[in-house]
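The values are calculated or read from the model by the stated rules, or taken from the named source; none is laboratory data. These numbers come from a predicted model, not from an experiment. When we count neighbours, we look across all protein chains shown, and the Cβ atoms used for this are built from the backbone with ideal geometry, even at glycine. The accessibility values were calculated without ligands, DNA or RNA, using every heavy atom of the protein model including side chains. Shrake-Rupley method; radii C 1.70, N 1.55, O 1.52, S 1.80 Å.
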Amino acid sequence: LFLSVIRGGLPRYSLDALLQKTGLSIFEMAHILDTTDRTLRRHEGHVLLSREHSERLLEIAQLYSFGEMVFGGLDVFRKWMDANVPALGGQQPKSFLDTSLGISMLMAELGRIEHGVFA
């Protein structure tokens with residue numbers, strides 16, 4: 001199911017929904033997607049995003065859903081995403097959102113937190 005969605009492209013309005021959920025700015029999302037905020041703003045609601053952008057947005061949506069579950073709330077998870085986390089070399093988790101590997105690392109860290117394993 002996810003593969004067909006990615007291959008077909010997510011509609012632009014899904015980006016708006018994700019911005020709302022994550023609290024990320026359009027500028028932060030443009031950096032994550034390696035594009036400009038102007039490019040993102042130019043698209044209309046039903047325009048389909050590229051495969052690469054669609055895939056990254058789905059990965060981020062999955063991460064935020066998992067983080068919300070692990071932390072027991074979206075607000076708490078969003079604060080963690082903005083914090084300097086020792087287990088991530090003192091970096092902010094949201095700085096890892098620009099690559100699939102970075103998102104996988106965050107998912108793994110959330111799995112450790114979920115099971116009470118703190119590095």
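For region 68-119, I need the span (max minus min coordinate) of the C-alpha atoms along each principal axis, in Å, sorted largest to smallest.
That works out to 25, 22, 19 Å along the principal axes.
Of 80, 70, 43, whose Cα points farthest to the positive end of the dipole of the chain (charges on the beta-carbon: +1 Lys, Arg; -1 Asp, Glu; origin at the Cα centre)?
Of the options given, the answer is 43.
Considering only the other residues whose Cβ falls under 15 Å of the Cβ of residue 81, what net charge follows from Lys and Arg at +1 and Asp and Glu at -1?
-3
Where Lys and Arg each count +1 and Asp and Glu each count -1, what net charge lies around residue 22 among other residues with Cβ under 10 Å from its Cβ?
Charge balance in the 10 Å sphere: +2.
Could you list the square roots of 5 times each eigenvalue of the Cα gyration tensor of region 40-87, that is, the equivalent ellipsoid semi-axes, sorted largest first and rounded to whole Å?
They are 27, 12, 11 Å, listed largest first.
With charges set only on the Cβ (+1 for Lys and Arg, -1 for Asp and Glu), what does the dipole of the chain come to about its Cα centre, in debye to the nearest 20?
In debye, rounded to 20, the chain gives about 200.
Assuming 0.36 nm per residue, please report the length gained on full extension of the stretch residue 48 to residue 95 beyond their Cα-Cα distance.
Value of the extension gain: 14.4 nm.
Against the globular-protein guess of 2.2 N^0.38 Å, express the Cα radius of gyration of the chain as a ratio, rounded to two decimals.
Working: Rg = 14.4 Å, N = 119, 2.2 N^0.38 = 13.5 Å.
So the chain has a normalised radius of gyration of 1.07.
Between residue 105 and residue 117, 0.36 nm times their residue separation minus their Cα-Cα distance comes to what?
Length difference between fully extended and current span is 2.9 nm.
Whenever you get a sec, compute what percent of the accessible area on the chain sits on carbon and sulfur atoms (1.4 Å probe).
Carbon and sulfur: 56 percent of the exposed surface of the chain.
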